[in-house]
Amino acid sequence: DLNRAHKQVQRRVRELRGEMSGLNRSMGSMATSVKGLIAAYAGFASVQAASGFIKDSILTFANFDDVMRQVGATSGATKEQLKALTELAKEMGASTRFSATQAAEGLKTMSLAGLSAKQQMAALPRVLELAAAGSVDLETAAGIATTSLAQFGLKASDLVDVNNILVTAFTNSA
């Protein structure tokens, strides 16, 4: 009787081992599925981040393009001049702390003040320098530059001297 009970216990242990083995396989499959879901979610998150970047890039370009169209409309620039102004704004955006759109906004302010495309091209680098040195925004710097040019009958090339005087005044008044 004890022998038979022992054999039943052994058989039940074998059955439990088989069930545990099946359970292990099921858990392994579930772990693989979860890993697959995590990888899919990570892929989705990457796509979502990339689409956000693309959307931001498109909006930035559209904003820049809108401002440059306004420059073209208000400055009377020829197609070639507008292309040169656009390239200058992009170059200034790449080589200064200001973005291309901010540089375009500076061109627009100068255009609205009556500067020709040629004058804007000469003045923009100086306006960016003035804005950076004087810790003012580009619209303010462009306004100061165009007012100085108009009031004193200066040329855009004279902005280097105007900037030096204004920066000295800015720093001494602080």
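The values are calculated or read from the model by the stated rules, or taken from the named source; none is laboratory data. If you're wondering where the values come from, they're calculated on a predicted model, not measured in any experiment. Each accessible area value is taken on the protein alone, full model and side chains, heavy atoms only, with ligands, DNA and RNA left out. Shrake-Rupley method; radii C 1.70, N 1.55, O 1.52, S 1.80 Å.
Data for the structure
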quantity: The chain: most fluctuating residue of R69, R97, R17 per GNM, C-alpha cutoff 10 Å; calculated: R17
quantity: Relative contact order for the chain, counting Cα pairs under 8 Å that sit 6 or more residues apart, in percent; calculated: 15
quantity: Spatial separation of Cα centroids for segment 79-137 and segment 140-174, in angstrom; calculated: 15
quantity: Proximal aspartates and glutamates relative to K108, as straight alpha-carbon distance under 14 Å, when same-chain residues fewer than 8 apart are discounted; calculated: D65, D66, D137, E139
quantity: Calculated from backbone phi, Karplus (6.51, -1.76, 1.60) coupling profile of segment 98-108 in Hz, x at Gly/Pro; calculated: 8, 7, 4, 5, 5, 4, 4, 4, x, 4, 4
quantity: Heavy-atom accessible surface of the chain: percent carbon and sulfur, 1.4 Å; calculated: 60
quantity: Karplus-derived HN-Hα couplings along segment 13-25 (A = 6.51, B = -1.76, C = 1.60, θ = phi - 60°), whole Hz, x at Gly and Pro; calculated: 5, 4, 4, 5, 4, x, 5, 5, 4, x, 5, 4, 4
quantity: Kirkwood hydrodynamic radius of segment 59-103, from inverse mean 1/r over distinct Cα pairs, in Å; calculated: 10.5
quantity: Helical contribution to [θ] at 222 nm, DSSP H n ≥ 4, -39,500 (n - 2.57), averaged over the chain, rounded to 500; calculated: -31000 deg cm²/dmol
quantity: Global form of segment 99-170, assessed from the alpha-carbon gyration tensor, a/c cut-off 1.5; calculated: oblate
quantity: The chain - accessible surface per residue (Å², probe 1.4 Å); calculated: 66
